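Engineer: Below: one structure in structure tokens.
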Amino acid sequence: MIRFENVGMRYGAGPEVLSDISFNLEPGAFRFVTGPSGAGKSSMLKLMYLAEKPSRGLIQLFDRDVSGLRRNEMPALRRQIGVVFQEFRLLDHLSAFDNVALPLRVAGMPEDVIAKHVTELLSWVGLAGQLDARPVTLSGGQQQRVAIARAVIARPQLLLADEPTGNVDDAIAVRLLYLFEELNKVGTTIVIATHNEGLVSHFDYPVLHLEDGILTTPSRDAGI
Amino acid sequence: MFSGRLDLPLSSDPATRLLPWIISVMVFLAMLMLAGALVLTGATSSWEKGLSGRYTVQIPPIEGESTVEVDQRIDRAIKILERTPGVSAAKQVPPAEVAISLEPWLGAGTSVVDLPLPHLIDVSLADKPAVNLGQLREQLRLAEKDSVVDDHGAWRRQIKDLIFSLQALAAGIILLIAGCAVSAVVFATRSGIAVHHDVLIVLHLIGATDNYIARQFQRHALRLAFKGGVVGALLVGATLAIFFKGVAELDPMLMPDLRFTLWNWLILSVVPVAVCVIAMRTARATVLRELRRIQ
Ligand SMILES: Nc1ncnc2c1ncn2[C@@H]1O[C@H](COP(=O)(O)OP(=O)(O)OP(=O)(O)O)[C@@H](O)[C@H]1O
Ligand SMILES: [Mg+2]
């Protein structure tokens, strides 16, 4: 599903923020990415959702070499990937409903189906009363749940979540993790970057640990 | 086409407020230009057509001759004309009519009889056969040494040249206006892309194709162009209505044939439609080009 081989990455002409990252995730895997602030967790996820390019090394997604992707192949690939951005990146001018509906609209789904799915999912994350609310009128935790709903609504094969529980209390965090587990059970590969050690230990999934841009704990899957 | 949701908050862009006005002015100018060209083309070509089926023969007066002698000379000329193949009718323009047609220039009540005006014969031509003009002139000159056959050829050629230059000028100006409209749409679209850069990135990351994004800009541009087009067209309609009302009150003797046909209105209505299409195509092309630059 995801394969990194000696991947290095830098922003512009800056220093390498990721060095010699190698690992392999099978379809259906569930991983936490941990590490201190600034270790490179978000950067690694950006490589996975094709927002950044590696400065060296090889990345494969869905068995495709990422460097060989043509521009017009990107949208279809990205629709297979759901992303919860660390800073949410909700569209401020759209309601919670429309934000969550976006991936389905982009995929050309009919409006009546969209309405049903989106309403259902937003109720599930506890935002039934906030369908028409603009992101700015929502609390941080509510925005985060909208962001998560947007990431999972199209049932992606790969879910990348960057600090998806940073703004919610532990009870909701665990509930959201259950949502991810449900998705994982039906085959979605999940990668969650988080600081929350408690959460990581609450769920018994393997961890990719970054320190200063270097993978310190080799994942169990490495080298397969 | 007009309905449909925008994922981008384009309607709050500054360019959005400006563009319909710019477009309405462009549409107004282009339609007015076109209307002017159509009216003048219509007037001059009906004038040209009126001249193309006829000759005018001038018989200069001879000092001291009697009216009987004049009539004889004119009759002889008419006989020659009527025998000529291709001529369907020839008759003298009554001196009183000549006087009336000169009235605006000479003032009413002028006695034409006192002026050494040539006698005029109005000749109508048949469609076929074509008159052999050289031969006709020759024959008339044998009878009347100083007669002149005016086929209005030079005049008609000038009118045709005038029509052509008018049309070329109008086409040039309309092209210029279209160029300005295109630039305005390119500018508005580019500024929209710059303002919404972050939203566009998110849309891309969610899996939106360039096409999907371009459709939004395209739809938005169409809405704005439609607004501008309607306003511009209404202004032109009002302007023309006032103009033709004014024309109707003028002396028809002095005015060329200024009319606006249904066909002309149809041609005019192409302008706002064309503006909508141009705005859409331009927005689309601009977005696709700019997006390729983003990633
Ligand atoms: N857009 C950027 N341009 C330049 N440098 C960047 C950019 N984004 C991140 N960095 C740098 O890359 C390094 C890794 O940052 P990253 O955001 O990946 O860390 P992180 O592990 O996600 O941290 P956090 O837990 O605080 O979110 C940091 O040193 C950061 O300064
Ligand atoms: Mg981060």
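The values are calculated or read from the model by the stated rules, or taken from the named source; none is laboratory data. As the structure is a computational prediction, the values presented were derived from the model and not from experiment. With ideal geometry, Cβ positions are generated from the backbone for all residues, glycine too; neighbour counts draw on all protein chains shown. In case anyone asks, the SASA skips ligands and DNA or RNA and just uses the protein heavy atoms, side chains included. Shrake-Rupley method; radii C 1.70, N 1.55, O 1.52, S 1.80 Å.
Engineer: Roughly how many whole Å is it from the C-alpha centroid of the stretch A:94-113 to that of the stretch A:147-210?
Structural biologist: After rounding, the separation between the Cα centres reads 22 Å.
Engineer: Continuing with this model, one more query. Summarise the accessible area of the stretch A:2-216 (1.4 Å probe, protein heavy atoms) by the percent that is carbon and sulfur.
Structural biologist: Accessible surface attributable to carbon and sulfur in the stretch A:2-216 totals 49 percent.
Engineer: Could I ask something else about it? Using modelled backbone amide H atoms (1.01 Å from N, in-plane), which distant-in-sequence or interchain residues come within less than 5 Å of A:ARG31's amide H?
Structural biologist: Distant-sequence amide H within range of A:ARG31: A:ILE190, A:VAL191, A:ILE192.
Engineer: List the residues, sorted by chain then number, that are 5 or more residues from A:GLU211 or on another chain and whose placed amide H is less than 5 Å from its amide H.
Structural biologist: So A:GLU211 has HN proximity to A:THR216.
Engineer: What percent does the relative contact order of the stretch B:1-134 come to when contacts are Cα pairs within less than 8 Å and at least six residues apart?
Structural biologist: Answer for the stretch B:1-134 is 30 percent.
Engineer: Given a Förster distance of 60 angstrom, what is the FRET efficiency for B:LYS91 paired with A:VAL113, based on the Cβ-Cβ distance and rounded to 0.05?
Structural biologist: Efficiency at R0 = 60 Å is approximately 0.10.
Engineer: Follow-up question, since we're still on this one. Counting Lys and Arg as +1 and Asp and Glu as -1, each charge on the Cβ, what is the dipole of the stretch B:61-146 about the Cα centre in debye, to the nearest 20?
Structural biologist: 460 debye
Engineer: Also, I was wondering about something else. At 222 nm, what value in deg cm²/dmol follows for chain A if DSSP H runs of at least 4 each add -39500 (n - 2.57) and the sum is divided by all its residues, to the nearest 500?
Structural biologist: -9500 deg cm²/dmol
Engineer: Angle between the Cα long axis of helix B:210-249 and the longest principal axis of chain B, 0 to 90 degrees, nearest 10?
Structural biologist: 30 degrees
Engineer: I've got another one for you. Using a simple spin-label model with points 7 Å from Cα along the Cα→Cβ vector, what separation in nm is obtained for B:SER66 and A:PHE203?
Structural biologist: Inter-label distance under the simple model: 12.9 nm.
Engineer: State in Å² the accessible area per residue of the stretch A:2-216; use a 1.4 Å probe, count heavy atoms of protein chains only, and round to the nearest integer.
Structural biologist: Here the residues of the stretch A:2-216 average 42 Å² of exposed surface.
Engineer: Distances longer than 40 Å among the Cα atoms of the protein assembly as shown: what percent of all pairs is that?
Structural biologist: Every Cα pair in the protein assembly as shown considered, those over 40 Å come to 52 percent.
Engineer: Quote the relative contact order of the stretch B:61-146 in percent (integer), defining contacts as alpha-carbon pairs under 8 Å separated by 6+ residues.
Structural biologist: 40 percent
Engineer: If you consider only alpha-carbon coordinates, what radius of gyration and Dmax does the stretch B:61-146 have, in Å?
Structural biologist: Considering the stretch B:61-146 through its Cα atoms, Rg and Dmax are 14.7, 42 Å.
Engineer: Just report the Cα centroid separation between the stretch B:1-55 and the stretch B:140-201, whole Å.
Structural biologist: 13 Å
Engineer: So, one more: Could you run the Karplus curve 6.51 cos²θ - 1.76 cosθ + 1.60 with θ = phi - 60° over the stretch B:265-278 and give me ³J(HN,Hα) per residue in whole Hz, x for Gly and Pro?
Structural biologist: 4, 4, 4, 4, 5, 5, 4, x, 5, 4, 4, 4, 5, 4
Engineer: Determine the total buried accessible area between chain A and chain B, counting protein heavy atoms only with a 1.4 Å probe; round to the nearest 100 Å².
Structural biologist: The A and B chains share an interface burying roughly 1700 Å².
Engineer: Then there is this: Taking the simple approach of a point 7 Å from Cα along Cα-to-Cβ for both B:ALA43 and A:ASP92, what is their distance in nm?
Structural biologist: Between B:ALA43 and A:ASP92, the label points sit 5.7 nm apart.
Engineer: With heavy atoms of protein chains only and a 1.4 Å probe, what residues of the stretch A:69-102 have at least 20 Å² less accessible area in the full set of chains than alone?
Structural biologist: Correct list: A:ARG71, A:PRO75, A:ARG78, A:ARG79, A:PHE85, A:ARG89, A:LEU91, A:HIS93, A:LEU94, A:LEU102.
Engineer: Using a basic spin-label model with each label point 7 Å from the Cα along Cα→Cβ, how many nm lie between B:LYS227 and B:GLN58?
Structural biologist: 6.2 nm
Engineer: Okay, moving on. Can you give the mean number of other chain Cβ atoms that lie within 10 Å of the Cβ atoms in peptide B:194-206?
Structural biologist: 5
Engineer: Please report how far the C-alpha centroid of the stretch A:24-69 lies from that of the stretch B:71-86, rounded to the nearest whole angstrom.
Structural biologist: 102 Å
Engineer: Filter the chymotrypsin sites (Phe, Trp or Tyr not before Pro) in the stretch A:136-214 down to the DSSP loop ones having no more than 16 other Cβ atoms within 10 Å, then list what survives.
Structural biologist: The qualifying sites are A:PHE203.
Engineer: Let me ask something additional. Under the definition of Cα pairs under 8 Å and six or more residues apart, what whole-number percent is the relative contact order of chain B?
Structural biologist: 36 percent
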